[in-house]
1. For the stretch 45-63, enumerate the residues that are hydroxyl-bearing (Ser, Thr, Tyr) and surrounded by 14 or more Cβ atoms within 10 Å (Cβ to Cβ).
2. Just to check your reading of the model, which residue among GLU231, GLU153, GLU212 is among the acidic types (Asp, Glu) and closer than 18 Å to LYS269 by Cβ?
3. Looking only at residues that are among the polar types (S, T, N, Q) and open to solvent by 30 Å² or more (accessible area, probe 1.4 Å) in the stretch 214-255, which one is farthest from the chain's Cα centre (by Cα)?
4. Check every one of the strands (runs of 3 or more DSSP E) wholly within the stretch 165-247 and list those with 2 or more residues that are under 21 Å from LYS135 (Cα atoms) and of a type in the set (Lys, Arg).
5. May I ask you to list the residues in the stretch 146-159 that are part of a helix (DSSP H, G or I) and either surrounded by 23 or more Cβ atoms within 10 Å (Cβ to Cβ) or touching a Cys at 6+ places or on another chain (Cβ under 9 Å) (or both)?
6. Could you please let me know if VAL250 is touching a residue at least 12 places away in the same chain (Cβ under 8 Å) and not in a loop (DSSP other than H, G, I, E, B)?
Amino acid sequence: RECLSSPTNPKPSIDAGGKMKEEEVNRCQIQNWYPKFKSLTIKTKLHKLPESFINYLLDDSVPFLLPSSVTNQNAMPNRIHNPDEEDDDSSSSDDETDPPPPPSPSFPELEIEIRDSIEALGGSIFPKLNWSAPKDAAWISPSQSLSCSCFSEIALLLRSSDSILHDLCNAYDSCSDDKASSRPESFFLALRKWYPSLKPEMEFRCFVKANELVGVCQREVTTFYPVLVSEKEVFKGLIEEFFDVNVRSVFELEDYVFDVYVTKERRVKVVDFNTWCGSTLPLMFSWEELEGFRRTAVPYDYIDVSCGSGWDQVLKKAEEEFRDESDEDVV
């Protein structure tokens, strides 16, 4: 991880006290930030969701059923026919009758719109609601990932995800407003083009406080990646420049977190925007550390790192501690 500082470019703060406001949460919804960063992020199609589909995602009063498909595309393969089971069923008592199963829900217009968007995005996408992707439900997908090629696969992931449930019911729980909303005015489904070749070590989480980039760390923190040590300065420079040129004066908040991906061509792409604190994870930092960076950070370009300056030893020790922490994580 890297402690960063950049020259200040003040702009109005939504809340000078640092507490999260409803407006800050709303600014981080993908339907709000995507139009401003369309050329700098993953190609995405947005669909406003009908309330009937939101109710389907929330309804626990009936057994979970995937929506019936008008395009004959299903998330799960057809059940294999088993003659033995059929014999067992036929031998049961005539007096025993099972209640008829409830009808499967159906959203034909939404399904057709989503099918067309998936085709336009190359045939495979990963879904996301206003704030969250259903990463916690990837295990239930036939692909064991967030990759989806049809409407029912999307419905399976959304319905199985606690992260999506948080978007639906608890998005404003950390807000300090006197009368914070219980939910956003509308829910949107973002279909984002799926790239199977993306490398987890190339995604970074960036922390912005008072309009300064104060910290960057790897997004996937369960693995040690040697390239992040050997090319740390390269990634640091790329992300700092990207923030200064493309993000600082465009995104409306002063305190926020954003995720980026660095391509093999060394181009930086926005992945997502998140609130400062709240449900956002600081990953390799703590929020206390990040607040401290804002108060004590020294612009890197102004540090004399020549031998004998004192700072050379400080940076050397920080590098050694970083390696030790990374080795512990691997163990």
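The values are calculated or read from the model by the stated rules, or taken from the named source; none is laboratory data. This structure is a prediction, so every number in the text was calculated from the model and none was measured. With ideal geometry, Cβ positions are generated from the backbone for all residues, glycine too; neighbour counts draw on all protein chains shown. When the accessible area is computed, the model is the full protein with side chains, heavy atoms only, and any ligands, DNA or RNA have been set aside. Shrake-Rupley method; radii C 1.70, N 1.55, O 1.52, S 1.80 Å.
1. If the condition is that a residue be hydroxyl-bearing (Ser, Thr, Tyr) and surrounded by 14 or more Cβ atoms within 10 Å (Cβ to Cβ), then TYR56 is the only one that fits.
2. GLU231
3. SER230
4. Strands (runs of 3 or more DSSP E) meeting the threshold: 188-193.
5. PHE151, GLU153, ILE154, ALA155, LEU156, LEU157, LEU158
6. Against the criterion (touching a residue at least 12 places away in the same chain (Cβ under 8 Å) and not in a loop (DSSP other than H, G, I, E, B)), VAL250 does not qualify.
For (1) modelled with pLDDT under 50; (2) of a type in the set (D, E, K, R), each residue gets a yes or a no:
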{"position": "VAL270", "(1), (2)": "no, no"}
{"position": "PHE285", "(1), (2)": "no, no"}
{"position": "ARG294", "(1), (2)": "no, yes"}
{"position": "TYR300", "(1), (2)": "yes, no"}
{"position": "GLY308", "(1), (2)": "no, no"}
{"position": "ASP312", "(1), (2)": "no, yes"}
{"position": "LEU315", "(1), (2)": "no, no"}
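One line per residue, one yes/no per condition, for (1) open to solvent by less than 50 Å² (accessible area, probe 1.4 Å); (2) more than 21 Å from VAL257 (Cα to Cα); (3) touching a Pro at 6+ places or on another chain (Cβ under 6 Å):
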residue	(1), (2), (3)
SER161	yes, yes, yes
ASN170	no, no, no
CYS175	yes, no, no
ASP178	no, yes, no
ARG183	no, yes, no
PRO196	no, yes, no
PRO200	no, no, no
GLU203	yes, no, no
